[in-house]
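What follows is a short report on a single structure.
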Amino acid sequence: MLHMPLKPELGGARVQLELAQQWQAQGHQIETFDFNQAFPEPSPQIYPLAATLMRPAFAQQARTFVRAQGHRFDVIDAHQGNLPFRKQTLGFNGLLVARSVGLHAFYALFNRHYAVEQPLKTRFLQKLLNWRDRHESQRCWRSYQTSDLLNLPNPDEKAYLDRHLQTQAKSHVFPFGLSPERSTQLAQAMANPEMRRSPPTVVFIGTWSLRKGARDWPQIITTIRRQRPETQFLLLGTGVAPAIVYRDLQTEDCPATGIEVIPQYKSEELPQLLTNATVGVFPTYVEGFGFGILEKLAAGIPTVSYAAGGPKTLLQGFNPACLVPIGQPQVLAQQILKILHLPPADYTQLCHQAQTVAQRFNWKTIAAQTLDTYQAALARLR
């Protein structure tokens, strides 16, 4: 159950879709209820703005659906805030799971502490979203309290909810993963690691936003090019036109040359896009997990990130030095430079180590562990 369209291109939806595929392969029956089912009439073009502002209405539609159909299900796996109701009012006797793909409280904290003054034309929108966030926080907290089990993507989220809601008995951490087919596809990007180093290319996968470090990029690029002026930059899946990225990057010390921006790409195109990438970077301030990091590791690309919750889950087992303090772009750039300066044999070894770490995060294993936990919790309820 999810308040956005269940499409694999959307990170929040991708998790539940890929888990569902694993469970279906084991013979389990899966049904979905998403934004498009709750609101079948609106044009698809209204998403994401309408979807994000219509979450209260989605919760009411979800409640109506569960009251009518809930008796057919053993487990309802709902995104945080989607079902902020007591099970008695839902008429549901199975296992109710509240899932986070990025804890709402952390995102709200970021918005309060790091958001900058917006241009006049966006101030109204920002106020509207702030109003949405305040009410969404209430729904999320309620869903944590009324659920039987919490499914969280990293230990930082578990520690936070355990501390504030005493949820130790029902909170569980399950990271995200890749299917064997996807891992094999990405591994093809590492045919010859040494060829990636001339010229060196730094790659980023993610939306272009303050939360993912858009404001830090000029300093990252400038610091790297002071030592390695030939370095190229590849920004994938930004979700905004290249002109917007170049406008944000253009400073006296950071000309927008040697920077390629690809706003969107098809999933099957990613391995080829990563073929010439030398080092990955992910300057995110808040992140539930970080598919972009995992995909780069699977392609054998050493990656440096701010030490947010999700990236820590991925990179602590790879190389702790690749985790740098949040909000320190110069430190991030220096760590990238260390990798660019590695001798060829050491760089190749690091690439293979990245792939080894990525193999630990596979959907087949994660889906089995998640289902075991769900079945045990369901047995206790019954």
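Taking a ≥ b ≥ c as the square roots of the Cα gyration tensor eigenvalues, with a/c under 1.5 meaning rounded and otherwise prolate when a/b beats b/c, else oblate, which class fits region 318-366? Could you put the intermediate results ahead of the total?
Working: a/c = 4.10, a/b = 1.36, b/c = 3.01.
It comes out oblate by the Cα gyration axes.
Tell me, what is the percent relative contact order of the chain, built from C-alpha pairs under 8 Å that lie six or more residues apart? All intermediate terms of the calculation are to be shown ahead of the outcome.
On the way: 611 pairs, mean separation 62.4, N = 382.
This gives 16 percent for the chain.
Return a single number: how many Lys pairs in the chain, at a sequence separation of 8 or more or on separate chains, have alpha-carbon atoms below 24 angstrom apart.
25
What is the order of Cys322, Cys351, fewest Cβ neighbours within 10 Å to most? List each step's numbers first, then the result.
Numbers: Cys322 27, Cys351 20.
Placing the least packed residue first, the sequence is Cys351, Cys322.
Just to verify a number: FRET efficiency for Ile244 and Gln330, C-beta to C-beta distance, R0 = 22 Å, to 0.05? Write down the numbers at each step before the final one.
Details: r = 24 Å, r/R0 = 1.10.
Approximately 0.35, to the nearest 0.05.
Determine the shape class of region 180-358: with a ≥ b ≥ c the square roots of the Cα gyration tensor eigenvalues, call it rounded for a/c under 1.5, and otherwise prolate if a/b is greater than b/c, oblate otherwise.
On the way: a/c = 1.29, a/b = 1.25, b/c = 1.03.
Rounded, since a/c falls under 1.5.
Which residues does the label zone of Gln359 cover in region 170-194, counting backbone N under 20 Å from a point 7 Å along Cα→Cβ?
Flagged as within label range: 175-194.
Ranking request for peptides 264-271, 277-284: highest mean number of other beta-carbon atoms within 10 Å first, then the rest in descending order. Show your work: numbers first, answer last.
On the way: 264-271: 13.1, 277-284: 26.6.
Highest mean packing first, the order is 277-284, 264-271.
Ranked from highest to lowest mean number of other Cβ atoms within 10 Å per residue, what is the order of the peptides 75-87, 231-243? Intermediate results must be reported in sequence, preceding the final value.
Numbers: 75-87: 23.0, 231-243: 17.8.
Result, highest mean Cβ count within 10 Å first: 75-87, 231-243.
Choose one of Val97, Leu234, Leu297: the residue whose Cα lies farthest towards the positive end of the charge dipole of the chain (beta-carbon charges +1 Lys, Arg; -1 Asp, Glu; about the Cα centre).
Val97
Roughly how many nanometres apart are two label points built 7 Å out from the Cα toward the Cβ at Arg67 and Gln21?
For Arg67 paired with Gln21, the spin-label model returns 3.6 nm.
Can you show me the helix-derived [θ] at 222 nm for the chain, built from DSSP H runs with n ≥ 4 at -39,500 (n - 2.57) apiece and divided by the number of residues, rounded to the nearest 500. Numbers along the way, then the final one.
Details: 17 runs with 184 residues, N = 382.
For the chain, the value works out to -14500 deg cm²/dmol.
With the Cα gyration tensor of the chain giving a ≥ b ≥ c as the square roots of its eigenvalues, does the rule (a/c under 1.5 for rounded; else a/b larger than b/c for prolate; else oblate) give rounded, prolate or oblate? Let's see the in-between values first.
Values: a/c = 2.00, a/b = 1.51, b/c = 1.32.
Taking the square roots of the gyration eigenvalues as a ≥ b ≥ c, the chain is prolate.
Bear in mind these aren't lab numbers, they're just calculated from the coordinates by the rules spelled out. Every value quoted in this text rests on a predicted model; they were computed, and no experiment measured them. When we count neighbours, we look across all protein chains shown, and the Cβ atoms used for this are built from the backbone with ideal geometry, even at glycine.
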